[in-house]
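Shown next, in structure tokens, is the structure this report addresses.
The values are calculated or read from the model by the stated rules, or taken from the named source; none is laboratory data. Predicted model, so just to flag it, every value in this text is computed and none were measured. Cβ sites come from the backbone with ideal geometry, for glycine too, and all protein chains shown count toward neighbours. Surface areas here come from the heavy atoms of the whole protein model, side chains and all, with no ligands, DNA or RNA. Shrake-Rupley method; radii C 1.70, N 1.55, O 1.52, S 1.80 Å.
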Amino acid sequence: MRAYWAIISARFRTLLQYRAAAVAGFGTQLFWGLIRVMIFAAFYRSTKSSQPMTFPEVVTYIWLGQALFAMLPWSMDGDIRAMMRTGTVAYELLRPMDLYWTWYCRAIAMRIAPTLLRAIPLVIIAMPFLGMKLPASVGSGIAWAAATVGALAVGCAITNLVSVSLFWTISGEGVSRLIPVAVWVFSGAIIPLPLLPGWAQSVLYALPFRDLVDTPFRLYLGHIPACDIWYVLARQAVWTVAMVTLGRWVMARGTRMLVVQGG
């Protein structure tokens, strides 16, 4: 465990050095957040039918999504991608560590470090000035925090599954364009899932992406009672185990067929 913790720590400290990227990311999230708030404001002013979420709840949902955007598994590890292209992934296979968990630890650091750099200043601005509300109750806040940790576990498992696909695709160009669309649409990062059509709800609720955004945020808003946190955590644990099992199986097949030119 000490070796894996060292990987998280080293990667985390490395990513914290990209402060200019964090500032740019913060500005981008703030800008897009304002645009989305204005779009939903226009929608709520024009509609006369009752909606499953109030406008203040949607605003809070949007700012939570903007603050935690970097935690979503919408991108792959650029270093792993470069290793696949250059063949230096062979060095990774020689290390006396489990390759899957080594990459999983890298994914944890990759999701947490930029999130901290962007989320803290964004919440400081959005909470008093841009309509973001506090959790519905103390219990809702605690449940949201626990579900966010669960969402991180699911997100890192999806990130690793995408990285493992590089054993076949090498460049990863197609996957890197498909996975953001799937994550943003099916998780609720673009439109809160309760606002989507009823016929799509059963499908959206059955997918793992819901546990990345929608479930934690609705715990925060009090839509899902805090006492249901155990059901949410159990669902996230099942999806994490399923993704990890699938990722390890795919990685095992990928390493058996891997050919490194010149090696």
So for region 150-159 (the condition being within 18 Å of residue 221 (Cα to Cα), at pLDDT 90 or above and open to solvent by less than 70 Å² (accessible area, probe 1.4 Å)), does at least one residue qualify?
yes
With out of contact with any His (no Cβ under 8 Å at 6 or more places or on another chain) and farther than 20 Å from residue 122 by Cα as the only criterion, which of 71, 53, 84 stands out?
84
Being of a type in the set (Ser, Thr, Tyr) and part of a helix (DSSP H, G or I) is the filter; apply it to region 164-190 and report the residue that is surrounded by the fewest Cβ atoms within 10 Å (Cβ to Cβ).
169
Identify, from the list 245, 240, 215, 255, the residue that is of a type in the set (Val, Ile, Thr), on the phi < 0 side of the Ramachandran plot, part of a helix (DSSP H, G or I) and free of Cβ contacts under 8 Å to residues at least 40 places away in the same chain.
245
Residue among 35, 62, 39 that is more than 30 Å from residue 99 (Cα to Cα), in a helix (DSSP H, G or I), modelled with pLDDT of 95 or more and in contact with a helix residue (DSSP H, G or I) (Cβ under 9 Å, 6 or more places away or on another chain):
62
So the check is Cβ under 6 Å with 6+ separation or different chains; which pairs have a first residue in region 39-60 that's in contact (Cβ under 8 Å) with a residue 60 or more places away in the chain and a second one that's among the β-branched types (Val, Ile, Thr) and surrounded by 15 or more Cβ atoms within 10 Å (Cβ to Cβ)?
59/37
Which pairs turn up if I take residues in region 26-38 that are of a type in the set (S, T, N, Q) and look for partners that are in a helix (DSSP H, G or I) with beta carbon separation below 8 Å, at least 6 apart in sequence or on another chain?
29/66; 29/67; 29/69; 29/118; 29/122
Here is a list: 169, 159. Which entry is among the hydroxyl-bearing types (Ser, Thr, Tyr) and touching a residue at least 12 places away in the same chain (Cβ under 8 Å)?
159
